[in-house]
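As structure tokens, the structure follows; a few thoughts come after it.
Just so you know, all these numbers are worked out from the coordinates, no wet-lab data involved. Worth saying up front: this structure is predicted, and the values here are computed from it rather than measured. Note that each Cβ is placed from the backbone with ideal geometry, even for glycine, and that neighbours are counted across all protein chains shown.
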Amino acid sequence: MRRFWRGDGSVSAIASRLLGSPDIYGHEEREALRNRQVKNFLALEMRAVGTPLLLMGDELRRTQQGNNNGYCQDNEISWMDWRLLARNADIHRFVRELNAFRQRREVVVKKERLSLNELLRRAHVQWHGVKLDQPDWSEHSRALAFTLRSLHGGYFLHGILNAYWEPLSFELPASPTEDGQSWRRCMDTALASPDDIRPWAQAPLVAQPTYVVQARSVVVLALARQIPESRSGPTKGNGNQPPVDAGA
């Protein structure tokens with residue numbers, strides 16, 4: 001569309017865009033993008049500081065078709081279709097792993113009670129853009145990255161958000177640990193399950209100084225000095241892994 005309005009795009013191309021770009025996005029491509037966007041929303045909701053709010057069925061891609069008064073509907077709008085569990089098993093797994101990561105936050109493991117204001121005062125966050133220490137806060141910006149150190153320094157996170165419609169290459173910070181260990185890729189919503197989110201023991205190493213983040217996707221890298229367990233102990237089948245969540 002930009003080329004058309006600049007005056008160097010064809011009429012046939014703009015006609016295709018108006019029809020939903022079937023030459024670019026077939027049904028499978030549209031469904032893959034929709035699934036990725038669901039994971040993006042869930043990742044930010046579960047990574048954010050504070051208590052996440054999920055509606056019944058969000059973990060299965062249940063929809064109320066835009067109706068925010070489902071509580072007064074006794075029909076398909078408010079019913080739970082349990083067939084979605086099999087249909088969207090990758091989303092269910094994604095949310096399950098997000099929950100497991102949240103339970104390994106230091107404030108959970110150490111049973112600390114902090115107000116939001118106190119947590120923010122003690123937070124150690126560095127903001128970036130595609131280049132380190134150069135966040136673009138302008139209205140047209142579609143990319144943001146951050147490096148977070150947990151409250152007690154037990155682990156580090158590097159999160160990357162790319163809402164742009166094309167892949168972007170992001171600079172990665174050098175390892176902040178004394179032994180110089182490599183970052184591990186715990187999440188990349190552009191990848192198919194189970195590579196979209198991996199437990200710490202299975203997360204692949206990222207040794208290169210940059211990472212190409214695909215269009216409309218979220219990436220989370222992690223480093224751990226120590227590997228605390230959750231309050232209920234290690235999650236079965238996940239092995240030991242550091243807390244991977246922005247809630248410190």
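Filter the trypsin sites (Lys or Arg not before Pro) in the range 1-99 to those in DSSP coil with at most 14 other Cβ atoms within 10 Å of their Cβ, and list the result.
Numbers: sites: Arg2, Arg3, Arg6, Arg17, Arg30, Arg34, Arg36, Lys39, Arg47, Arg61, Arg62, Arg83, Arg87, Arg93, Arg96; in loops: Arg61, Arg62, Arg83.
Answer by residue number: Arg83.
What is the sum of charges, Lys and Arg at +1 and Asp and Glu at -1, for the other residues whose Cβ falls under 12 Å from the Cβ of His128?
Working: positive: Lys131; negative: Asp133, Asp136, Glu171.
Around His128, the charge tally is -2.
Within the range 59-99, which chymotrypsin sites (Phe, Trp or Tyr not before Pro) sit in a loop by DSSP and count at most 11 neighbouring Cβ atoms inside 10 Å?
Sites meeting the loop and neighbour criteria: Trp82.
Which length gain, in nm to one decimal place, applies between Ala192 and Cys72 when the Cα-Cα distance is subtracted from 0.36 nm times their residue separation?
39.5 nm
Only loop residues by DSSP count here, and only those with at most 15 other Cβ atoms within 10 Å; note down the GluC sites (Glu not before Pro) in the range 1-94 that meet that. Working shown, then result.
Numbers: sites: Glu28, Glu29, Glu31, Glu45, Glu59, Glu76; in loops: Glu76.
Those satisfying the criteria are Glu76.
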